[in-house]
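Notes for the one structure printed next.
The values are calculated or read from the model by the stated rules, or taken from the named source; none is laboratory data. None of these values were measured; they are calculated from a predicted model. Note that each Cβ is placed from the backbone with ideal geometry, even for glycine, and that neighbours are counted across all protein chains shown.
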Amino acid sequence: MTEAKEAAPAMPRLTGALEPRASWPATGCSLARAIDVVSTRSAFLLLREAFYGTSRFDDFATRAGISEPVAAARLRELVEAGLLTRAEYREPGQRARLAYRLTEKGADLFPALAALMEWGDRWLAEDGGPIGLRHRDCGEPVAVELRCAAGHRTSPGELDLVHRRR
């Protein structure tokens with residue numbers, strides 16, 4: 001008896017100048033550029049902490065479970081990339097310290113991190129994961145999804161990859 005093979009899920013279709021695939025190089029890829037900015041596990045964990053409201057250096061290092069030198073290097077890179085900004089703060093009787101806050105550019109990464117979290121909950125966490133997203137207004141769970149500009153929910157198999165001429 002042979003085991004039935006699971007059908008591969010439908011993926012986006014290449015169209016126009018992108019078909020056939022071998023006719024163009026994947027240079028200038030936005031995904032590759034984004035990965036260059038957030039290229040390490042520690043960078044993702046520091047961004048997670050920024051989304052959770054962490055702002056102090058010591059808390060970033062501790063909560064992300066990374067060494068202070070690694071935290072310092074990654075935070076510097078995230079600031080240089082424009083995802084975080086530094087602001088001085090001073091507690092009474094203490095020296096001035098730096099706080100880190102998300103910029104608009106950094107906050108725009110939240111859907112990507114939420115999608116990774118959702119994927120991890122589905123495929124890697126036996127219990128669905130410890131953190132969920134709920135809509136503050138109605139209390140319902142929030143899920144990441146693809147929608148077209150007209151508001152239709154889409155799946156990868158319903159997408160066409162198109163060449164955007166510049």
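Brief remarks on what is shown
- Selection from the stretch 116-144 of residues that are in a loop (DSSP other than H, G, I, E, B) and among the small types (G, A, S): A125, G128, G129, G132, G139, A143
- The stretch 85-115, subset part of a loop (DSSP other than H, G, I, E, B) and of a type in the set (A, V, I, L, M), residue nearest to V37 (Cα to Cα): L109
- Meets criteria (within 18 Å of F110 (Cβ to Cβ), in a helix (DSSP H, G or I) and acidic (D, E)) for E77: no
- Yes/no for G82 being on the phi > 0 side of the Ramachandran plot, surrounded by 10 or more Cβ atoms within 10 Å (Cβ to Cβ) and part of a loop (DSSP other than H, G, I, E, B): yes
- Restricting the stretch 111-130 to residues that are in contact with a helix residue (DSSP H, G or I) (Cβ under 7 Å, 6 or more places away or on another chain) and exposed (fewer than 15 other Cβ atoms within 10 Å of the Cβ) leaves a set whose member that is nearest to F51 (Cα to Cα) is G129.
- Of the residues making up the stretch 145-166, those that are part of a loop (DSSP other than H, G, I, E, B) and of a type in the set (A, V, I, L, M, F, W, C) are C148, A149, A150, L159, V162.
- When the stretch 23-54 is limited to residues that are outside any helix (DSSP H, G or I) and surrounded by 17 or more Cβ atoms within 10 Å (Cβ to Cβ), the one that is modelled with the highest pLDDT turns out to be T54.
- Just so you know, in the stretch 129-156 the residues that are of a type outside the set (V, I, T) and in contact with a Lys or Arg (Cβ under 8 Å, 6 or more places away or on another chain) include one that is farthest from E19 (Cα to Cα), and it is E140.
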